[in-house]
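Trainee: So that we are looking at the same thing, I have put the structure below in structure tokens.
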Amino acid sequence: MHLDETTAPQPATTRPAATGPAAPHPLPPGQRPAPLEPFGLTPFAAVHPRVPARPSVTVGGAVRRPTQFDAAELLALPGHGDRRADLHCVTTWTAVGLEWHGVPFRAVHEMIAREVEPRGSARWVTFIALDGFRATMLLDDALTGDVLLADTLGGVPLTPDNGAPLRLVAPAHYGYKNVKHVCAIEYGTRYKAGWRGWMSHPRGRVAREERSRFLPGRVWRLCWRALLPSSRKAYTALRERTR
Ligand SMILES: Nc1nc2c(c(=O)[nH]1)N[C@H]1C(S)=C(S)[C@@H](COP(=O)(O)O)O[C@H]1N2
Ligand SMILES: [Mo]
């Protein structure tokens, strides 16, 4: 089966950005188009994980039988294919029209759940990365058809710089749910905020502007946009310095 070549429908509520490359379709509220460059929370800029020759994914948490799977075994599951999707960082930049190849997380979940047997109360799923980053999604959100575990971007295998060996692609959710360098998956009965703490939202849906907790998304939009130039600079500088 080949995956649908479109992204999830987005509300046409924003005007096109005044500057930068034109997006082929309206972006979600508060987002502006930008090229894809390595980015994330500044502490992770200094972590350059070594990608194993034979990558695996360890599955545990609220399960009966924790198990390790070969990444290759997951990538060969039915439904693997190409998908075009945008990446929306909470700091208001969007990389438009990225061409991924991967396998729907739904297919991965169906296979691994048979082996590990998640408890009935496991409603959350945490994706854990080789650099120590982790993000938790509502399991139902991760099981929508547009969420992928990807291994190539633009027809080229993922590199240690852009998320090798496996990268979660969740286009309806902010970038901080799109975990790069996935090496483990944990089922859970409660939401765990992870590294971003209060800065992330339990759901993190882009269309609803669930950027962070406590304040409305349009308030966070202004904060993150103001901080973006300095956080980009700090991330890139630290990354280069530690390479
Ligand atoms: N392992 C890992 N995954 C991560 C991050 C990170 O620092 N480490 N940052 C997240 C954030 S906030 C964003 S916006 C995207 C950035 O992806 P990029 O580096 O390809 O631009 O990765 C997400 N996934
Ligand atoms: Mo982000």
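Bear in mind that the values in this text are calculations on the coordinates, not laboratory data. Everything numeric in this text was worked out from a predicted model, so none of it was measured. Counting neighbours? That spans all protein chains shown, and the Cβs are built from the backbone with ideal geometry, glycine included.
Trainee: Given 0.36 nm per residue, what is the gain on full extension from W198 to C223 after removing their alpha carbon distance, in nm? Let's see the in-between values first.
Mentor: Details: separation 25, 0.36 × 25 = 9.00 nm, distance 1.43 nm.
In short, 7.6 nm is gained.
Trainee: I want to verify a result. In a Gaussian network model of the chain, Cα cutoff 10 Å, which of these has the top mean-square fluctuation: R211, R123, R134?
Mentor: Among R211, R123, R134, the largest mean-square fluctuation in the Gaussian network model of the chain belongs to R123.
Trainee: For L215 and R54, what is the calculated FRET efficiency with R₀ set at 45 Å and r taken between the beta-carbons, to the nearest 0.05? Mind showing how you got there, number by number?
Mentor: Values: r = 44 Å, r/R0 = 0.99.
Approximately 0.50, to the nearest 0.05.
Trainee: Using only Cα atoms, tell me the angle between helix 105-116 and the longest principal axis of the chain; keep it within 0 to 90° and round to the nearest 10.
Mentor: Approximately 30 degrees, to the nearest 10.
Trainee: Let me ask something else about it. Classify the chain as rounded, prolate or oblate, taking a ≥ b ≥ c as the square roots of the eigenvalues of its Cα gyration tensor: rounded when a/c is under 1.5, otherwise prolate if a/b is larger than b/c and oblate if not.
Mentor: Values: a/c = 1.44, a/b = 1.40, b/c = 1.03.
Note, shape of the chain comes out rounded.
Trainee: Using only Cα atoms, find the angle between the long axis of helix 217-241 and the longest principal axis of the chain, and express it within 0 to 90 degrees, rounded to the nearest 10.
Mentor: Between the helix axis and the principal axis of the chain, the angle is about 70 degrees.
Trainee: How about K233: which lysines have a C-alpha closer than 21 Å to its C-alpha, ignoring those fewer than 8 places off in the same chain?
Mentor: K180
Trainee: A further question on this structure: What residues qualify as long-range amide H neighbours of H173, i.e. H under 5 Å apart, gap of 5 or more or another chain, H built at 1.01 Å from N?
Mentor: For H173, the qualifying residues are V206.
Trainee: I've got another one for you. Label points 7 Å out from Cα along the Cβ direction at E115 and Q68: separation in nm?
Mentor: Inter-label distance under the simple model: 1.1 nm.
Trainee: Something else: Treat each spin label as a single point 7 Å out from the Cα along the C-beta direction, and report the V47 to N162 distance in nm.
Mentor: 2.2
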